[in-house]
C-alpha cells in the first residue's frame, strides 16, 4: 500500500502504493539485475532527454504546483519532505514554485527549461516502472451477503514507534540499522506486534462501509479508493494506517496452490463468488498485511487521493518513489515501455510503497481513478531510465 501512502507502508506500504498489485495479471518479467553502482546524479542537458520536445508536460506542472502548495507551511530552511539524498531546502525551490503559478498552457516546457537543470540518475537497485490507480467500488453502509467485508477505521489501540528518534536519542548504531518506524498494538503498558489480517477481530462500529471482499482487498493493495453508494453519493476511502506486516499477494498464493489459473482481479472475483465469503476470508488470510481507512469527502473529482507527501495525486503526473533516494516533490523524467511503445513522462515524486523501496530507479506511476485507469495500470511493467530536475542553484547533494 502505497502510502503505506502509499502506503505509501513498507508493508505497502505496500501505500497507499502498497505494492504494485496492479501487476498481478501481467506475465512475470525478467528481474532487473541490481547495478551495483553507487547512487549519483550527473548533470546533463534537456537535449539528452528522449522526446523532451514532444512530451506532454501539463500533468507534471499541475503535480508540481500541488507539491509547492503542500510545502507552504514548512520553514524555508527545512529539507524537502520524505527524505532523499538530494534536493536542498524548501527555500531553494521557492523561486520555481513562484514562477510555476503564472505559466500559461503551452508554456510548460519553457518553464522547466528556465528553472531547472536535468541530472541523470544512477544507482543500485531495480530499474523498473509499474503503475497503480484509484479503484471505484460499490459499497453499502450495512453488510449483506454480497457486501460482506468491512472498510475499517484505524484502531484506537494502534501505535507507531519512531525507531529513528530512539536511535538518535540513545546514539545507538543498532537502532539506526532498524526500520525507521514500527507499528504495534498497545496492550497494557507494552507495545506488541499488531495482529495479522487473519487474526483481526474488529468491533462492528469500527466499520464505516461494507463492500465485496475482493473490492476491499483491491483498495488495500492500491492504498485508497472511491466508494459509491446506491443513493448516488460518493466518498473516498483514504489510507489511514497499516498493521506493519510485509505484503504478500493473496492472489499469488491462490495461483501457486492451483486454485486460480492466473492471478488477475477478474479471476479472483469469479473464484470468490463461486466459493463464498468464508473461503475468500481464508484465502485473504495468506496476506498478513492489512490496511485501515478513513472516509473523506471528494472536493475535486479530477484529483486523486493524497499520497505519502500529503498532496492530491495527479493522473500521469505523480509517481511513487523510494524516499531513501528521492525527496517528495522531486521532479523526475522516466524513459520506459508501455504496450510495446516508449513511455516517456515528466512526473513528480508524491508517494511511496513497500514494493517501491528498491532503489532510485524504481517507480510506480499513478494512472488515475476508475476501471480504465486500472486496466492501464495493470499493463505497466518495464525497465526504465531516470533523470531528475533540480532547480538552478540547488546543490546536487
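One chain, two ends: residue 146 and residue 51. Fully extended at 0.36 nm per residue, the span grows by 29.4 nm beyond their Cα-Cα distance. Using just its DSSP H runs of length 4 or more, each adding -39500 (n - 2.57), the chain gives a mean residue ellipticity at 222 nm of -6000 deg cm²/dmol after division by all residues. Counting 0.36 nm for each residue step from residue 176 to residue 229 and taking away their Cα separation leaves a gain of 14.5 nm. Set the Förster distance to 25 Å, then compute FRET efficiency between residue 156 and residue 295 from the Cβ-Cβ distance, nearest 0.05. With R0 = 25 Å, the Cβ-Cβ based efficiency is 0.90.
By other beta-carbon atoms within 10 Å, ranking 102, 160 with the fewest at the front produces 102, 160.
How big is D, in µm² s⁻¹, for the chain by Stokes-Einstein at 10 °C and 1.306 mPa s if Rh is the Kirkwood radius over C-alpha pairs? After rounding, the answer is 74 µm²/s. Highest average first, the peptides 274-282, 220-228, 333-341, 375-383 ordered by how many other beta carbon atoms sit within 10 Å of their residues are 220-228, 375-383, 333-341, 274-282. For the peptides 50-57, 134-141, 77-84, the ranking by packing is 134-141, 77-84, 50-57, with the highest mean count of neighbouring Cβ atoms within 10 Å listed first.
Taken together, the values in this text are just the output of simple stated rules run on the coordinates, not laboratory data. Model, not experiment: these values are computed from the prediction. Note that we place each Cβ from the backbone using ideal geometry, even for glycine, and neighbour counts take in every protein chain shown.
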